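Report on the structure given below.
The values are calculated or read from the model by the stated rules, or taken from the named source; none is laboratory data. All values derive from a computational prediction rather than experimental measurement. Glycine gets a Cβ as well: all are built from the backbone with ideal geometry, and neighbour counts include every protein chain shown. Heavy atoms of the whole protein, side chains included, go into the accessibility calculation; ligands, DNA and RNA do not. Shrake-Rupley method; radii C 1.70, N 1.55, O 1.52, S 1.80 Å.
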Amino acid sequence: MRILGIDPGTRVTGYGIIEKVGNRLIHVDNGGIFTRADMELAERLKVIYDGLCQIISEYAPAAVAVEQIFLAKNALSALKLGHARGTALLVGVNHGLPVFEYSALQVKSAVVGYGKAEKIQVQQMVKTLLKLPEIAQEDASDALAVAICHAHTNLLHSERLVKTTTHLRRS
C-alpha cells in the first residue's frame, strides 16, 4: 500500500510517500511545497493544493495521512495552519482517497514508541525505519512520520478486522 503523509503548513507543507510491502516500509519520495512570505493566504493555499494534486497524480497513493493541529502559540497561527490542513484534506477527498488524521502524540507513539519523544528522536527513527542516507528536511521528515504512523495504525486496524471477522464466522 502506498501512503502519502502530509505535514501541513502555510510556509512549508511537507510530504512523504512510503510503500508498505508486507512488514517492510519503503521510502518512495519526500519533500516540501514552499510558498513565499509575500503571497496572500489564498495564493499560498492554491500553491499547496496544486502541489499536492501533482504529487498524488505522480505517485498514486492509496491513502492520505495528515497531521492534526497542535496547540499553536497564537490564534492567528492556528487559524492559518487550519487552512493548510483543510487544503490537504480537500485534496485527498477530491482525488477519491481515504483521508486519515493523526495527532502528534499518535505519530510519536507509532514511530518512536513514546508519545512525548523529542523531534530529533522522531527524525532519527524515520531515517532508521526507512533506511534513509540522512535525516530528511524537517517538514518532510514529519510527513514521513505521519505516513509511518498510518502504516502501523492501518496494520492494527486490519488485524482487528481479520480477528473480528474470524470470530464472527465461528459463531
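Before moving on, here are some points about what is shown:
- Looking across the range 102-117, just one residue is assigned to a loop (DSSP other than H, G, I, E, B) and within 14 Å of the chain's Cα centre (by Cα), and that is Ser103.
- Selection within the range 90-109 - modelled with pLDDT of 95 or more and among the hydrophobic types (A, V, I, L, M, F, W, C): Leu90, Val91, Val93, Leu97, Val99, Phe100, Val107
- Single condition Val21 does not satisfy, out of (1) without any contact (Cβ under 8 Å) to a residue 40 or more places away in the chain; (2) open to solvent by less than 10 Å² (accessible area, probe 1.4 Å): (2)
- For the range 60-89, residues that are in contact (Cβ under 8 Å) with a residue 12 or more places away in the chain and out of contact with any Phe, Trp or Tyr (no Cβ under 9 Å at 6 or more places or on another chain) total 11.
- Selected residue (criterion: surrounded by the fewest Cβ atoms within 10 Å (Cβ to Cβ)) from residues of the range 90-125 that are touching a residue at least 24 places away in the same chain (Cβ under 8 Å) and among the aliphatic types (A, V, I, L, M): Leu90
- Output for the range 26-56, where each listed residue is in a strand (DSSP E or B) and open to solvent by less than 30 Å² (accessible area, probe 1.4 Å): Gly31, Gly32, Ile33
- Looking across Ile48, Ile120, one residue alone is closer than 18 Å to Asp139 by Cβ, modelled with pLDDT under 95 and hydrophobic (A, V, I, L, M, F, W, C). It is Ile120.
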